[in-house]
Structure formats: C-alpha cells, structure tokens
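*Asks:* Just passing along the structure, written as structure tokens.
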Amino acid sequence: MLPAAEAEAKILDLVSLPTEVEQVPLDAALGHILAHPIPSPLDFPHWDNSAMDGYAVRYDDVQGASAEAPVALTLTEAIPAGRSPTLPVGPGQAARILTGSMVPAGADTIVMQEVTQRQGDRVLVLEAPAPAQFVRHRGSYCRAGDPLMARGLAIGGPELAVLAAAQCIQVPVFPQLRVAILSTGDELVTPEMPLQPGQIVDSNQYALAALVRQAGAIPVSLGIVPDQPQALRAAIESALAQAEVIVSSGGVSVGDYDYVDEILAELGATLHICSVAVKPGKPLTVATFPAENGSAPLYFGLPGNPVSALVTFWRFVAPALRKRSGLGAGWGPVFVPAITRHALNAGGQRETYLWGRLEMAADGCSFELAGGGHISGNLINLAGTNALAIVPVGTQMIPAGETVRVMVVN
C-alpha cells in the first residue's frame, strides 16, 4: 500500500499537460483553462478619469484653499461620463466632472463636490486637496502590451470581466477534458428501477459525474457494467474511444468478481498503483494505456463503496484532472489546520479520513464531525460535507479541542 502523499505524487507524474488549443467565444469560456497568456491590448484605465463626482482643477490654483479662505474658480463646462472634454482647464478655471469622466487637459486634480459650494458659473473650493487627488491615471492598472492573464488560469467570473474589458471576444483555451464514468457490479440498478432484495442503487455514477464537472471536465456516463469479463472489456474499450480519462467504481478489490486489473492488463495497460494506505479507499487502481497521438489515457479504478469512491476521487483523481485540464498550478488538495469539536477515532494502520464540515471564524477554523457511522458504505451522512479531517498513520485518537489537518473538498 502506497502512502497517500506518495500516491498523489506518482499520479501527478503520470499526468501530462495538454497541448491542443481551441478558440471559444467569450460567452462560452466559463470553466475553461486559458491556453495562452493574454497581453493587454489597451491601457487600463484607457484615459485619465475621475474617481469622484466633483470638479477638475489645477492643483496650483487650490493648494491653499480653506473654509476661511475659499478659492473661487470659473466653470468651463460639465463633463458627463462617456463624453470627451471639449475645453482645457486654464488658470482660475474648473470643470464639473462625474465619476468615470475623462479629466480635461490642464487639470491634474479632482476636488470632490462635498468640499465645494456652487455659485452660478463659479465654484468655491473650501478645502485644499492632495496633489493628483482622485485622478485615475491612464495605464496605472495595466499598460498596453503588459501581461493581462497567464496561461493555465481557470476562467471564472472575474476573468470573464477582464477578458470582456480587454475586448477579447475569442478566447484561446484547452479543450475540456472528457472523463468516462462506469460502475461495475451485478447488484447495481439505476434509481428509477424497482429495488429487489440484494440490489443497490448506483449512486456513484451521479456523484462522480458531479465531481468531474466541478473539476472542470466533461463527464461521459457509461452506466452500469455487469460482473462479466467480456462486458467489462467492451465497456473499457468503448470508454477509451470516447474519453482521455476513465473512472470506474467497483471491481478493484480481491473478490471473485473483481476483474478490473485483469482486463486492464489484457488491454495493454500499465498498472502503477493497486492499493493505497488510506481509509476509506484502500483498493485504488491507477493505470495508463499506450499513448496514441498525444497523452497516455489514464484509468482510475475506485472502490465500489460510495464513501470510498468519493474520498479517493477527492484525494487522488481530482488533482490529476486539474493538471490534465491545463490548470497552471494548485492541482493538489487544499489542507488547513482546524480545531476539532469532536474526538476523532481511527485504527492507526492507515491514514484515515473522517468527513464533516469546516467552519471559519475570526479566531480560526473548526471541524464539525458528521454524525452517524463513519464507514465506507454509509453515504447518508455525507450530505453537507465540505471537508475531511485526517488522522495520520500511527494515531488512534485525536481528542476534541486539538488541532487536526483538514482537507477541503467541493
């Protein structure tokens, strides 16, 4: 059994970054990974503009202004947002300006309207501003030609806003990774089927498809495969034709009907991992197929028990999908220290993951253990889970109130 950290490193070493690039419209770029760096085509701001409603003035004219000795300036024009100034501001003059409006030539400072008094075509300045106050200078955020966004960045709402502002209407991205998902087992049925004695509803298909989407990839659900070697072989061959990564659940232990590793070997795959020292989730198969016109297809054989399947996906599969999708950094899980509110019990032989909720407060993080049994077949108390508390190898109990290492999950 490989320790968890070694297994993660080994898996990431097997994963290559994508090389194919496609162009997608701006409104379809959400969730994609940027394939090329984007240089700024424009200065940001595009021109000197005002950060306040007030008056554009020359600092030299108003540097001595006060309520006791106000400075009177003659108004030249009003400049609404979206229009260019038509007149320069000369000595003894000011222009009415609104937030976002262009600063006229000659002006170098904005006096906010709260410290002024309007008198017809004049304005009294009642307080001296700082030099260049409330002027957002052209190019102060980013200059044309400077890097705007880096390769490998996941595109979310803020990134879409930046791309739109830069008028990048076609975005170079890596094609979204396709992940085939199949469940193995004669005992499995779909949720809409009547449940007979001894049967189990295939919940893994739905959970894994959701986690694949959350990792930024496209799930290709292939359904339930019976415990028959030929059926499993056909399903894996079909998956290889449709996806770059295959994730199966069940069939990777040492039971009489566990055929996954055998079939993978028959298909020419190289098995890199067969078990990991974690609980739940010891039986984990990681394999690669010979590369054809690109990266080697990856195979993850997860345990069939629902909790084991999710824990091994969060811990080992999600990092691989993030790297294979082209994400520039941050492939692995996020770990944070937290105070556990409950005693955490484990066997001590394997790194143990206990599920619950991570809560953040001003004084730090705390972990709330989910109620009920923490066994691999009990998925009921997984609802609401956003973190896994980790009890290390060799430790059988972490008392309530102690600091524990917690893995954040989606």
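The values are calculated or read from the model by the stated rules, or taken from the named source; none is laboratory data. Quantities reported herein were computed from a predicted structural model and do not represent experimental measurements. FYI the Cβ positions are ideal-geometry reconstructions off the backbone, even for glycines, and counts take in every protein chain you see.
*Asks:* Could you list all residues from the stretch 309-330 that are closer than 14 Å to residue 409 by Cβ and among the basic types (Lys, Arg)?
*Replies:* Within the stretch 309-330, 315, 322 qualify.
*Asks:* Surrounded by fewer than 19 Cβ atoms within 10 Å (Cβ to Cβ), in the same structural domain as residue 124 (by TED's automatic domain parsing) and either outside any loop (DSSP other than H, G, I, E, B) or among the hydroxyl-bearing types (Ser, Thr, Tyr) (or both): does that describe residue 78?
*Replies:* Details: surrounded by fewer than 19 Cβ atoms within 10 Å (Cβ to Cβ): yes; in the same structural domain as residue 124 (by TED's automatic domain parsing): yes; either outside any loop (DSSP other than H, G, I, E, B) or among the hydroxyl-bearing types (Ser, Thr, Tyr) (or both): yes.
Yes.
*Asks:* Condition (residue is crowded, with 17+ Cβ neighbours inside 10 Å and in contact with a Lys or Arg (Cβ under 7 Å, 6 or more places away or on another chain)) applied to the stretch 110-121: is it met by at least one residue?
*Replies:* No: the stretch 110-121 contains no residue that is crowded, with 17+ Cβ neighbours inside 10 Å and in contact with a Lys or Arg (Cβ under 7 Å, 6 or more places away or on another chain).
*Asks:* Could you tell me whether any residue of the stretch 335-345 is outside the structural domain of residue 394 (by TED's automatic domain parsing), more than 27 Å from the chain's Cα centre (by Cα) and polar (S, T, N, Q)?
*Replies:* Among the residues of the stretch 335-345, not one is outside the structural domain of residue 394 (by TED's automatic domain parsing), more than 27 Å from the chain's Cα centre (by Cα) and polar (S, T, N, Q), which makes the answer no.
*Asks:* Which one is surrounded by the fewest Cβ atoms within 10 Å (Cβ to Cβ) among residues in the stretch 381-400 that are polar (S, T, N, Q) and more than 29 Å from the chain's Cα centre (by Cα)? Step through it out loud before you land on a result.
*Replies:* Quick first cut of the stretch 381-400, residues polar (S, T, N, Q) only: 381, 385-386, 395-396.
Those left that are additionally more than 29 Å from the chain's Cα centre (by Cα): 395-396.
Values: 395: 16, 396: 12.
So, considering only residues that are polar (S, T, N, Q) and more than 29 Å from the chain's Cα centre (by Cα), the one surrounded by the fewest Cβ atoms within 10 Å (Cβ to Cβ) is 396.
*Asks:* Of the residues in the stretch 91-107, how many are buried (at least 18 other Cβ atoms within 10 Å of the Cβ) and over 18 Å from residue 69 (Cβ atoms)?
*Replies:* Within the stretch 91-107, residues that are buried (at least 18 other Cβ atoms within 10 Å of the Cβ) and over 18 Å from residue 69 (Cβ atoms) number 9.
*Asks:* Also, I was wondering about something else. Name the residues in the stretch 370-390 that are closer than 11 Å to residue 406 by Cβ and among the hydrophobic types (A, V, I, L, M, F, W, C), would you? Give the steps one after another, and end with the answer.
*Replies:* Of the residues in the stretch 370-390, the ones closer than 11 Å to residue 406 by Cβ are 386-390.
Within the stretch 370-390, 387, 388, 389, 390 qualify.
*Asks:* Another question, if that's okay. Of all residues being aliphatic (A, V, I, L, M) and part of a loop (DSSP other than H, G, I, E, B) in the stretch 285-312, which is farthest from residue 188 (Cα to Cα)? Just the residue, please.
*Replies:* Initially, the stretch 285-312 is screened for residues aliphatic (A, V, I, L, M), giving 286-287, 291, 296, 298, 302, 307, 309-311.
Checking the rest, the ones that are also part of a loop (DSSP other than H, G, I, E, B) come to 291, 296.
Numbers: 291: 32, 296: 30 Å.
Restricting to residues being aliphatic (A, V, I, L, M) and part of a loop (DSSP other than H, G, I, E, B), the top hit is 291.
*Asks:* Something else about it: Determine, yes or no, whether residue 41 is surrounded by fewer than 13 Cβ atoms within 10 Å (Cβ to Cβ) and either modelled with pLDDT of 95 or more or touching a helix residue (DSSP H, G or I) at 6+ places or on another chain (Cβ under 6 Å) (or both). Steps first, please.
*Replies:* Details: surrounded by fewer than 13 Cβ atoms within 10 Å (Cβ to Cβ): yes; either modelled with pLDDT of 95 or more or touching a helix residue (DSSP H, G or I) at 6+ places or on another chain (Cβ under 6 Å) (or both): yes.
Against the criterion (surrounded by fewer than 13 Cβ atoms within 10 Å (Cβ to Cβ) and either modelled with pLDDT of 95 or more or touching a helix residue (DSSP H, G or I) at 6+ places or on another chain (Cβ under 6 Å) (or both)), residue 41 qualifies.
*Asks:* While we're looking at this one, here's another question. Test of understanding: among 378, 410, which residue is surrounded by 14 or more Cβ atoms within 10 Å (Cβ to Cβ), at pLDDT below 95 and either in a strand (DSSP E or B) or of a type outside the set (D, E, K, R) (or both)? It would help to see each step written out before you state the result.
*Replies:* Values: 410 fails: surrounded by 14 or more Cβ atoms within 10 Å (Cβ to Cβ).
It is 378.
*Asks:* Of everything in the stretch 50-71, what is within 23 Å of residue 83 (Cα to Cα), surrounded by fewer than 22 Cβ atoms within 10 Å (Cβ to Cβ) and in contact with a helix residue (DSSP H, G or I) (Cβ under 9 Å, 6 or more places away or on another chain)? Give them in sequence order.
*Replies:* Of everything in the stretch 50-71, those that are within 23 Å of residue 83 (Cα to Cα), surrounded by fewer than 22 Cβ atoms within 10 Å (Cβ to Cβ) and in contact with a helix residue (DSSP H, G or I) (Cβ under 9 Å, 6 or more places away or on another chain) turn out to be 52, 53.
*Asks:* Looking at (1) within 30 Å of residue 71 (Cβ to Cβ); (2) surrounded by 17 or more Cβ atoms within 10 Å (Cβ to Cβ); (3) among the hydrophobic types (A, V, I, L, M, F, W, C), find the lone condition where residue 163 falls short.
*Replies:* Unmet condition: (1).
*Asks:* Could you say which residue among 189, 173 is of a type outside the set (Phe, Trp, Tyr), surrounded by fewer than 18 Cβ atoms within 10 Å (Cβ to Cβ) and in contact (Cβ under 8 Å) with a residue 12 or more places away in the chain?
*Replies:* Unique residue meeting the criteria: 189.
Results for (1) in contact with a Lys or Arg (Cβ under 9 Å, 6 or more places away or on another chain); (2) farther than 19 Å from residue 15 by Cα; (3) not assigned by TED's automatic domain parsing to the domain that holds residue 306, shown as yes or no for each residue.
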site: 198; (1), (2), (3): no, yes, no
site: 201; (1), (2), (3): no, yes, no
site: 215; (1), (2), (3): yes, no, no
site: 225; (1), (2), (3): no, yes, no
site: 239; (1), (2), (3): no, no, no
site: 250; (1), (2), (3): no, yes, no
site: 259; (1), (2), (3): yes, yes, no
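*Asks:* Going through the stretch 324-346 one residue at a time, which ones are buried (at least 22 other Cβ atoms within 10 Å of the Cβ) and not in a strand (DSSP E or B)?
*Replies:* 324, 325, 326, 346, listed by residue number.
*Asks:* Looking at this structure, is residue 277 under 26 Å from residue 231 (Cα atoms), within 29 Å of the chain's Cα centre (by Cα) and either surrounded by fewer than 23 Cβ atoms within 10 Å (Cβ to Cβ) or in the same structural domain as residue 16 (by TED's automatic domain parsing) (or both)? Steps first, answer last, please.
*Replies:* Values: under 26 Å from residue 231 (Cα atoms): no; within 29 Å of the chain's Cα centre (by Cα): yes; either surrounded by fewer than 23 Cβ atoms within 10 Å (Cβ to Cβ) or in the same structural domain as residue 16 (by TED's automatic domain parsing) (or both): yes.
In short, no.
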